[in-house]
Amino acid sequence: MKRLLSVLSGVAAAMIASAKALPSDEGVAMLPAASALAEEVHFFHNAILLPIITVISLFVLALLIWVIVRYNAKANPVPRKFSHNTLVEVLWTGIPIIILLVIALPSFELLYKEDVTPDGKQVVVAGDGQTIDFVFPNDFPESRMVKRADHLQVIVDDGTQRTVLKNRRDFRVEGWGERDLVVSLNDPAPAGASVILRGGRSTQNVSGCPIAKRYIDGCEKEVVLAPTMTLKVNGYQWGWSYSYPDFGDFEFASNMLPQDQTTPALYRFEVDNRVVVPIGETVRVTTTARDVIHSWALPNFAVKIDAVPGRINETWFRAEREGVYYGQCSEICGVKHSFMPIAVEVVSRPEFEAWVDGQRALAGLDPMFQSDNVTLAQAAANGDAAE
């Protein structure tokens, strides 16, 4: 018993260690999710795949033990002569089909969310304390039009808090599937408050939804807005280059830091130039490569997409938590494959804008957001040049 408890304690410690932002040698669990989509991937693995795998493994183990004990030559010296059993053949064909259906149905939805870049949009209208009817232009392509309640969110923001209204309880909608949706609030929004109408087919569970709630009554769905920016990724032997076409003609390379310039824990993860993105905004990622096939992977965001020479692939993510998240090239691309780390820093919108202005200044471009940041960036550049 003591030995068993010791083993279990070691497994628990390993799982705790693996819950850090970085992979660890003792880790057995997935890295913490930093996006709602990654949370759904973890839920699919932990609540659907893992129990099924465990039950099947235990069943096969029990069946093997039973066959070894019951049908060995000593216990069964005279074997039976039959070669078919209709019931057994029906069961071992039918049950796996049912198991695969249980796995397939939720996985199709998850794969669709990962593959299709969101195209949701929002309309913000100022409340005046009297108006209750608001129009949402449903001008999507026919296959992407808002046609049911989970494709539309109504939010009232009074400046101090946001309240997500419930369909039928707090508002009514007329014109599902038509070019204009009329949203009628039961009570007018307070004067000075903002009424936010979000619509689109790309939806996901609200970040942080507990597993128990997913089982009992489901999680609230939120509409994912279309990308606010594009990150262009180009892989090469042995590093990455990045550009931000929405914010100017600047590009930078990102390579692994030498061992003497970082900590042992971050060696082969930290880079000289991190990718910087704003929190809570949808980021479109396009990938390609200069030489051979690479793969841009960020486990915390459940992102993994190949970078193929002569081809542009596309994916997306929306970071829900600030911090620095690490990944590595996940395609065996040559002798220095393990020297191609990825580092993404998630910051607030003001910090992101300051970083963009700094990068533009280093590229000799005018500021896009705040002129003070340009001065700081130029001073830093001059300091580096002086050194």
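The values are calculated or read from the model by the stated rules, or taken from the named source; none is laboratory data. This is a predicted model, so every value here is computed, not measured. Note that we place each Cβ from the backbone using ideal geometry, even for glycine, and neighbour counts take in every protein chain shown. In case anyone asks, the SASA skips ligands and DNA or RNA and just uses the protein heavy atoms, side chains included. Shrake-Rupley method; radii C 1.70, N 1.55, O 1.52, S 1.80 Å.
Data table
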item	result
Answer from V308, V347 - the residue that is surrounded by fewer than 21 Cβ atoms within 10 Å (Cβ to Cβ), touching a residue at least 40 places away in the same chain (Cβ under 8 Å) and β-branched (V, I, T)	V347
Elements of type strands (runs of 3 or more DSSP E) contained in the range 139-212, each with 2 or more residues being over 15 Å from G129 (Cα atoms) and touching a residue at least 40 places away in the same chain (Cβ under 8 Å)	152-157, 180-185, 194-199, 203-205
Condition met for V276 (touching a strand residue (DSSP E or B) at 6+ places or on another chain (Cβ under 8 Å), open to solvent by less than 20 Å² (accessible area, probe 1.4 Å) and modelled with pLDDT of 95 or more)	yes
Complete set of residues in the range 64-76 that are part of a loop (DSSP other than H, G, I, E, B) and open to solvent by 100 Å² or more (accessible area, probe 1.4 Å)	Y71, K74
Residues of the range 81-137 satisfying the condition of being without any contact (Cβ under 8 Å) to a residue 60 or more places away in the chain, open to solvent by less than 80 Å² (accessible area, probe 1.4 Å) and small (G, A, S)	G94, A104
